[in-house]
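The next block holds one structure in the form of structure tokens; read it before the comments.
Please treat every number below as a calculation from the coordinates, not as lab data. Note that this is a predicted model, so its numbers are computed, not measured. Glycine gets a Cβ as well: all are built from the backbone with ideal geometry, and neighbour counts include every protein chain shown.
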Amino acid sequence: MSDRTTGGRWRRGAGLVVLAGSLLSPITLSRTWAEESKKVMPSIESILLADERLSPIVANAERYRLQVVLGQIETQPDGQPRLVQQGYRLEAEYFYPASSIKLCAAVAALEELTALATGSDVQISETTPLVYHALFDDEELESRDPSNIESGLITVRHELRKLFLVSDNTAYNRLYELVGPDRINRSMWRAGLSSARIVHRLSEARTAAENRMTPRIVFRGDGFAHAVPARVVELDLPAIAVGGLKLGRGFMRAGELVEEPFDFGRKNRMSLADLQRALAKIVRPDVESGGARFRLSDRHRALLLSPMGQVPRESSNPVYDVTQYPDHWVKFLLPGLEKVIPKERLRIYNKIGQAYGFSIENAYVTDTATGRGFFLAAVIYTNSNEILNDDQYEYDEVAAPFFAALGETVARALWGEAERTPTG
């Protein structure tokens with residue numbers, strides 16, 4: 001199955017592992033954060049085992065390729081915060097990150113804009129219109145985006161909004177082509193996220209060589225045109241250093257069943273802990289889990305956080321039909337969280353992914369009334385017939401209830417019983 005869209009270092013195999021991060025710079029903590037950090041964090045393993053709705057998944061964790069990482073802010077003796085991560089089955093085997101890695105392309109695109117603006121005498125920004133020249137025979141020149149009701153043009157800002165609001169694949173591919181996979185990976189590695197291996201577009205059948213090619217792209221501003229030339233990217237990436245790359249008993253190719261495991265060895269890859277750290281570097285840049293900060297200005301961080309924290313109906317540009325894109329469309333934890341905290345108090349900054357039977361959530365959840373928050377990332381694989389690319393995955397039957405139960409259970413464990421006004 002294609003990635004969900006508007007169009008289409010630790011003990012391997014173990015249960016619990018704790019990862020502690022370091023800091024780059026101090027901040028002044030609010031009383032809420034300081035008080036929260038003094039509480040004893042329950043283990044993620046105990047949280048999972050305590051819920052009978054989750055126990056069937058936990059009991060068959062290897063089959064479901066279940067991995068979970070819970071992150072909370074801990075105050076050090078000097079008053080500085082750090083991110084402490086607890087993992088369940090981290091790195092036990094490979095998982096396909098699907099659209100969750102779009103977060104990396106979004107960060108790298110904004111870093112690239114800064115580099116372009118610094119190295120040019122023209123005023124390039126996230127709102128400068130873009131023109132994409134055709135690269136492959138099945139493509140045409142692209143300069144318009146009808147979903148941009150303000151201008152009808154392609155801009156980095158608008159692509160970012162589509163990418164987070166509904167996980168748009170075209171938006172990701174445009175940013176991937178603007179930056180190139182080499183610079184996306186280097187952006188992550190520079191920030192200490194060494195597991196990143198981002199090598200292809202999404203929902204486009206391209207060869208490995210084609211995925212190393214980027215088109216000519218022109219920024220057209222007031223009185224100027226700045227061209228980014230087409231190029232062939234040099235990529236020298238090590239093999240994926242985790243087991244379980246071959247999966248299933250067969251896969252569909254061009255409508256025919258190939259009766260052999262599907263090999264993910266040439267697919268994108270990023271560890272669940274690194275995905276969570278990447279999110280933390282955006283949501284809480286004052287709190288580090290190792291490595292440098294992203295090279296983002298406050299304005300650029302705001303450009304990420306705004307659509308990342310919204311649901312589709314809250315967007316005025318682009319506009320989405322709520323019947324087609326309900327609030328939980330890209331907020332897998334929301335149905336469970338709103339049983340603990342009233343929906344109007346919740347804010348979820350996240351990036352999900354869903355493809356090939358894998359469902360991934362990478363979220364920072366906060367109660368806006370109290371300032372309490374936690375990071376939660378998880379992956380589950382649901383493919384009972386063991387055939388890939390047939391679009392027969394138990395996303396609605398197994399994955400969605402799992403994430404709802406996980407969100408509710410973790411929120412209750414960390415925040416206590418529901419703080420809701422009884423209805424009915």
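Among Val242, Val69, Val84, a tally of other beta-carbon atoms within 10 Å of each Cβ gives an order, fewest to most, of Val242, Val84, Val69.
Simple spin-label estimate for Ala115 and Ser297 gives 1.8 nm between the two label positions (7 Å along the Cα-to-Cβ direction from each Cα). Spatially close Lys pairs in the chain, defined by Cα atoms under 23 Å apart and a spacing of eight or more places or different chains, total 20. Using the Karplus relation 6.51 cos²θ - 1.76 cosθ + 1.60 with θ = phi - 60°, the per-residue 3J(HN,Hα) values for region 343-356 come to 4, 5, 8, 7, 9, 10, 9, 7, 8, 9, x, 7, 5, 6 Hz, with x marking Gly and Pro.
Ranking Ser315, Ser271 by Cβ neighbours within 10 Å, fewest first, what do you get? Mind showing how you got there, number by number?
On the way: Ser315 18, Ser271 26.
Placing the least packed residue first, the sequence is Ser315, Ser271.
For Leu49, Leu406, which order do you get if you count the other beta carbons within 10 Å of each Cβ and list the fewest first? Mind dumping the intermediate values first?
Numbers: Leu49 15, Leu406 27.
Lowest count first: Leu49, Leu406.
Across region 226-239, computed HN-Hα scalar couplings (Karplus, 6.51 cos²θ - 1.76 cosθ + 1.60, θ = phi - 60°) run 10, 9, 9, x, 5, 8, 10, 6, 8, 10, 10, 10, x, 4 Hz from first to last residue, x flagging Gly and Pro.
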